[in-house]
There are 2 protein chains.
Amino acid sequence: MNASRTARERVRAELIREITDIARRHLATDGAPGLSLRAVAREMGMVSSAIYRYFPSRDDLLTVLIVDAYNAIGEAVERADATRPRDDFTGRWLAACHAVREWALAHPHEYALLYGSPVPGYRAPEDTIGPASRGTIVYGRILADAQRAGRLAPPPMCPPPPPILSQDAEAVRAVMPGVSDDVVARAVIAWTGLFGMVSFELFGQFNGVVEHRAELFDHNMTCLAHLLGFSE
Amino acid sequence: MNASRTARERVRAELIREITDIARRHLATDGAPGLSLRAVAREMGMVSSAIYRYFPSRDDLLTVLIVDAYNAIGEAVERADATRPRDDFTGRWLAACHAVREWALAHPHEYALLYGSPVPGYRAPEDTIGPASRGTIVYGRILADAQRAGRLAPPPMCPPPPPILSQDAEAVRAVMPGVSDDVVARAVIAWTGLFGMVSFELFGQFNGVVEHRAELFDHNMTCLAHLLGFSE
DNA sequence: AGTCGTCAAGAGCAGCGCTCTCGAATCAGT
DNA sequence: ACTGATTCGAGAGCGCTGCTCTTGACGACT
């Protein structure tokens with residue numbers, strides 16, 4: 001009975017996989033707004049209503065694509081971090097930055113789905129927050145390791161963060177155990193600076209102004225590394 | 001003959017104004033993807049096809065909304081900058097930052113239209129680049145004024161930018177006359193950091209993590225002011 | 001008075017998300 | 001092996017979208 005049940009469920013799982021594969025391809029080429037269940041069904045030789053047996057709504061299909069994308073970029077950051085010696089904190093930070101940028105350039109529509117304008121009606125379900133924090137966790141570990149190793153210089157010039165922010169810092173310490181409040185504050189600056197840079201490049205804000213994006217990115221991330229305070 | 005022609009053109013201009021007003025309201029409440037020409041026409045008591053007499057396509061309507069939004073945020077930054085003494089560079093920078101954030105919080109969908117995911121098929125026409133740079137021009141003037149006044153300290157810790165970036169710096173100097181390459185590089189960091197911060201807040205990346213967003217924003221922008229190098 | 005341009009209106013096309021119903025296939029329990 | 005319950009694909013259909021084309025009326029200029 002187990003074999004027979006899995007027979008039906010196996011073809012079902014296979015179909016779900018095929019749907020998400022086609023959808024991912026459509027997302028990569030046409031972007032999220034152009035993703036249509038009817039088009040996916042058409043490509044599968046199905047009638048459009050049959051798709052709803054597997055995904056109750058377009059948003060549900062979008063959700064698995066979002067989760068996949070979060071996992072993909074998270075894994076890219078993890079692998080980049082792993083290529084550096086554990087005590088080369090600047091190198092690990094730069095590797096993580098480049099992993100984010102390169103993944104974003106290779107998957108612009110997926111990146112836009114994760115870090116661009118939120119879809120007005122869409123509400124992210126719980127399943128997304130786990131994969132969403134994979135990259136952040138790597139980033140937090142770099143800073144936590146550096147602080148533990150005593151290789152984070154005292155804040156070079158930032159004023160101490162106001163005490164109110166301690167509560168938020170406490171939440172951030174979940175992925176950055178043991179770091180002080182001022183490091184958390186600078187971590188947010190560097191993290192948002194990284195994504196601000198990538199978003200500006202990808203969303204066209206640099207068009208006609210900045211041409212040497214790779215070099216500018218590299219330089220700016222190096223600068224942010226100094227702001228973070230890694231000591232040589 | 002001039003009077004009659006203007007009579008006809010006046011009602012035409014009035015209708016165009018009414019269409020854009022309603023469209024702007026729909027954009028503000030429903031977001032860009034929910035903006036529909038048919039809904040606007042319905043609200044005006046027109047039939048949908050009549051709208052196309054005034055806007056040949058949905059993208060054309062979206063373009064004037066984009067231009068309006070760029071002008072609105074640009075003007076907000078200009079006014080904020082004007083409230084501070086000309087030689088209070090840190091104050092001018094912080095005022096500009098808060099103007100951006102507050103405008104974005106008040107007009108989230110417009111902000112997303114400007115700085116969020118680009119619409120896949122949409123190609124921004126020439127008319128948008130002028131209004132798009134209004135805010136950046138203010139920002140550039142603050143830095144140029146500071147450098148001219150000798151109130152920009154030498155780079156505190158960033159390495160000098162690679163020579164390749166000089167070409168891009170030359171382009172940036174169009175809105176930032178007379179500033180050196182390293183200031184341009186740091187300017188880009190601060191500028192992308194500002195928008196990275198606002199985008200993260202607006203697009204939900206801080207959800208469940210950062211609660212005291214105003215305080216964090218203020219602190220981080222102050223930190224970026226130090227990175228820019230304004231001397232007291 | 002006649003002509004020409006402008007306009008609103010309507011019908012229509014192809015696409016979309018999504019729902020419902022109806023046979024057919026498949027499964028589970030006897 | 002048969003039967004009752006699920007599951008599934010197919011089709012029709014609803015209301016919505018952007019956009020096109022045609023028709024008929026109104027107003028301005030000659």
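The values are calculated or read from the model by the stated rules, or taken from the named source; none is laboratory data. These numbers come from a predicted model, not from an experiment. Cβ sites come from the backbone with ideal geometry, for glycine too, and all protein chains shown count toward neighbours.
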Pull up region B:50-72, narrow it to residues that are within 14 Å of chain A (Cβ to nearest Cβ), in contact (Cβ under 8 Å) with a residue 60 or more places away in the chain and under 18 Å from B:Pro33 (Cβ atoms), then point me to the one that is farthest from DNA strand D (Cβ to nearest atom). B:Ile66
With the requirement that a residue be buried (at least 16 other Cβ atoms within 10 Å of the Cβ), more than 22 Å from A:Asp127 (Cα to Cα) and within 10 Å of DNA strand C (Cβ to nearest atom), what does region A:40-80 give you? A:Val40, A:Ala41
Of those in region A:63-122 that are β-branched (Val, Ile, Thr) and in a loop (DSSP other than H, G, I, E, B), the residue farthest from the chain's Cα centre (by Cα) is A:Thr83
Lone unmet requirement of (1) modelled with pLDDT of 95 or more; (2) in contact with a Phe, Trp or Tyr (Cβ under 6 Å, 6 or more places away or on another chain) for A:Pro118: (1)
When (1) in contact with a Gly (Cβ under 6 Å, 6 or more places away or on another chain); (2) aromatic (Phe, Trp, Tyr); (3) over 24 Å from B:Met157 (Cβ atoms) are applied to A:Phe195, the one that fails is (3)
Within region B:198-207, considering residues that are at the interface with chain A (Cβ under 7 Å from one of its Cβ atoms) and touching a residue at least 40 places away in the same chain (Cβ under 8 Å), the one farthest from B:Trp103 (Cα to Cα): B:Phe203
Single match in B:Arg101, B:Arg134 (criterion: closer than 30 Å to B:Ser231 by Cβ, within 13 Å of chain A (Cβ to nearest Cβ) and surrounded by 15 or more Cβ atoms within 10 Å (Cβ to Cβ)): B:Arg101
Applying the selection to region B:24-38, what residues are more than 11 Å from chain A (Cβ to nearest Cβ), away from DNA strand C (no atom under 13 Å from the Cβ) and either among the small types (Gly, Ala, Ser) or touching a Pro at 6+ places or on another chain (Cβ under 8 Å) (or both)? B:Ala28
Can you run down the residue pairs with Cβ atoms below 6 Å, 6 or more apart or on separate chains, where the first is in region B:156-170 and more than 7 Å from chain A (Cβ to nearest Cβ) and the partner is surrounded by 12 or more Cβ atoms within 10 Å (Cβ to Cβ)? B:Pro160/B:Asp182; B:Ser166/B:Asp181; B:Ala169/B:Asp181; B:Ala169/B:Val184
